[in-house]
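These notes are about the structure you will find just below.
The values are calculated or read from the model by the stated rules, or taken from the named source; none is laboratory data. Note that the coordinates shown come from a computational prediction; the quantities given were computed from them, not determined experimentally. When we count neighbours, we look across all protein chains shown, and the Cβ atoms used for this are built from the backbone with ideal geometry, even at glycine. SASA here: full protein model, heavy atoms, side chains in, ligands and nucleic acids out. Shrake-Rupley method; radii C 1.70, N 1.55, O 1.52, S 1.80 Å.
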Number of protein chains: 2
Amino acid sequence: MTTIKVIGVGMGEPGHLTGEAVAALNGVDVFFVPGHDPVADELSLLRHDLCRRVIAGHSYRVVDLEDPRRDRESPDYARAVSDWTLARATVLGTAIATELHGNEIGGLLAWGDPAFYDSTLRVLAALPGRSEPIDVEVIPGISSIQLLAAAHRISLTRVAEPLQVTTGRQLATKGFPPGCDDVVVMLDGDCSFRHIDPNGVTIYWAAHLGSTHQVLVSGDLADVTEEIVARRVEAKARRGWVMDTYLLRRTR
Amino acid sequence: MTTIKVIGVGMGEPGHLTGEAVAALNGVDVFFVPGHDPVADELSLLRHDLCRRVIAGHSYRVVDLEDPRRDRESPDYARAVSDWTLARATVLGTAIATELHGNEIGGLLAWGDPAFYDSTLRVLAALPGRSEPIDVEVIPGISSIQLLAAAHRISLTRVAEPLQVTTGRQLATKGFPPGCDDVVVMLDGDCSFRHIDPNGVTIYWAAHLGSTHQVLVSGDLADVTEEIVARRVEAKARRGWVMDTYLLRRTR
């Protein structure tokens, strides 16, 4: 039986890892890391670096995987993601077959937590047919939305009220979900909060959470929209890329 | 300035703690632990035990707090919770004023993550007036819903689709939220999944997550409803109490 550990690593800081994640990392023989060119790919470098910092007394190899590009021009988002998942599964399946020998344990690092908009488990489920099944073990990690709440010292939920976790695309096209006044938005490359009615809405926004580049803004949405758009441009310019997330809280 | 650290401790296993949480625990001088009678209250005992297991080389005190009872008979849930929050804030405020001296740092342990249906930050926000403000620092923890997903080896979200995090009461009274086919339910003391149309719905259920008492059931909701109800009764009988959570996933 081939074992693959999927390990949530938070934002990549060693302090975000749980004890179980550290133990799991120290039990992996071969890490599979997407990003063909580690020098060009900062996220790949961060994964290499994290392994170096938290693994002690256990030898391991890192196999860099070619990361197929998603078709970002496609009007059919679900189809583009599905094609991309299959392409990545083909690359990973080949790597597992050729690089994992005997009883060696494979490892995949997931940013944040594998349970929230992460592709790792989907790619594993799409692996091409194998002669023996793969045993997948999942270790949760701290998600960006938890760091968001901690940085702003707030709960994401209110008493007895629902919370929606959604994407920038959903918010931009459908607005506030019906019957739900607390919405956490992930995967938003386009400041989709600009497209909703800001009346009575407070936003808690953050970029580069848990890193030295962290930026926080909160306030009435109408008052801080321009500031967030500007701070996001700055944050992206400084680092070459930006990941941000936010909570919208509506008072009726 | 008085500093209080709110530390997410997952389900109370040391392996669930992040490195930042362990460091924070080791910097606290006085822990405030609700539960008047540590012998009678297993959750209080678990907090005492966790401190003993992860704090090394730093002396600390534990102050057990009387935990006012919530009015569980009240028809007005929000009001009952609000009254309860104020009563707990009064107890905590008195304890902070009398037990925290000079520059000592206070600590509160939150089960799971303080961002999901946890009262700790709400109680702190309701503290009676003080002469100086309190600096609150929050360290996220692994939530039961993340352990649920990891144990079932699933993502809580599907590609580009929203996820609702809600309570048993919301599910029982309002059913599946409109426009959302993935629902995680917390704080459900009553198996509220019995009250929805099971057609096309898969459930991923767990009790006592991350402990040796963990129980997992998944399958078509119609097929496994009875089994889950029975397993929950067993789990509660064995331990004297039960905490469970689940994901409902609808295929249309």
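Observations, loosely collected:
- Spacing of the modelled spin labels on A:ARG252 and B:ALA97, each 7 Å from Cα toward Cβ, amounts to 3.8 nm.
- Highest GNM mean-square fluctuation among A:ARG52, A:ARG72, A:ARG231, for chain A modelled with Cα contacts below 10 Å: A:ARG72.
- Computed over neighbours whose Cβ is under 15 Å from that of A:ARG249, the net charge equals -1, Lys and Arg +1, Asp and Glu -1.
- Apolar share of the accessible surface for chain A: 49 percent from carbon plus sulfur atoms, 1.4 Å probe.
- Overall dimensions of segment A:1-146 as given by Cα atoms, namely Rg and Dmax in Å: 14.8, 49
- Crossing angle, helix A:221-239 versus chain A [Cα axis fit, 0-90 degrees, rounded to tens]: 30 degrees
- Scalar couplings 3J(HN,Hα) for segment A:211-219, obtained by applying the Karplus form with A = 6.51, B = -1.76, C = 1.60 to θ = phi - 60°, are 10, 5, 8, 4, 10, 10, 9, 9, x Hz; x denotes Gly and Pro.
- Relative to the other identical copies, A:ARG252 shows label-point distances of 2.1 nm, where the label point lies 7 Å from Cα along the Cβ direction and values run shortest first.
- A label point on A:PRO75, set 7 Å along the Cα-to-Cβ line, lies at 5.4 nm from each of its counterparts in the other copies, closest listed first.
- Helical contribution to [θ] at 222 nm, DSSP H n ≥ 4, -39,500 (n - 2.57), averaged over chain B, rounded to 500: -10500 deg cm²/dmol
- For segment B:25-87 versus segment B:161-197, the inter-centroid distance based on Cα atoms is 28 Å.
- Computed over chain A, the P(r) curve from all C-alpha pair distances, binned at 10 Å from the origin, holds 7, 28, 33, 23, 9, 1, 0 percent per bin.
- Karplus-derived 3J(HN,Hα), 6.51/-1.76/1.60, for each residue of segment A:140-153, Hz, glycine and proline x: x, x, 6, 7, 4, 6, 6, 5, 4, 4, 5, 5, 8, 6
- Between B:GLY57, B:GLY12, B:GLY175, the Gaussian network model of chain B with springs among Cα atoms under 10 angstrom shows the greatest mean-square fluctuation at B:GLY57.
- Counting only alpha carbon atoms, the long axis of helix A:77-99 and the longest principal axis of chain A meet at about 30°.
- Two-site label geometry, B:ALA230 and B:ALA23: point separation in nm, points 7 Å out along Cα→Cβ: 5.0 nm
- Per residue accessible area in Å² of the protein assembly as shown, where ligands, DNA and RNA are left out and the probe is 1.4 Å: 44 Å²
- Among the trypsin sites (Lys or Arg not before Pro) found in segment A:121-167, those both in a DSSP coil and sparsely packed, with 11 or fewer other Cβ atoms within 10 Å of their Cβ, are A:ARG130.
- Interface between chains B and A: roughly 3600 Å² of accessible area buried, both sides summed (probe 1.4 Å, protein heavy atoms only).
- Residue order for A:LYS174, A:LYS236 - accessible surface, 1.4 angstrom probe, largest first: A:LYS174, A:LYS236
- In Hz, Karplus ³J(HN,Hα) per residue of segment B:5-22 (6.51, -1.76, 1.60; θ = phi - 60°; x = Gly, Pro): 9, 9, 10, x, 10, x, 8, x, 7, x, x, 7, 6, 7, x, 5, 5, 4
- Global geometry of the protein assembly as shown, whether rounded, prolate or oblate, following the gyration tensor of its Cα atoms and the 1.5 cut on a/c: rounded
- Sorted from shortest to longest, the distances between the B:THR94 label points of this copy and the other copies are 7.0 nm, with each point 7 Å from Cα along the line through the beta carbon.
- In degrees, nearest ten, helix B:42-54 long axis to first principal axis of chain B (Cα): 60 degrees
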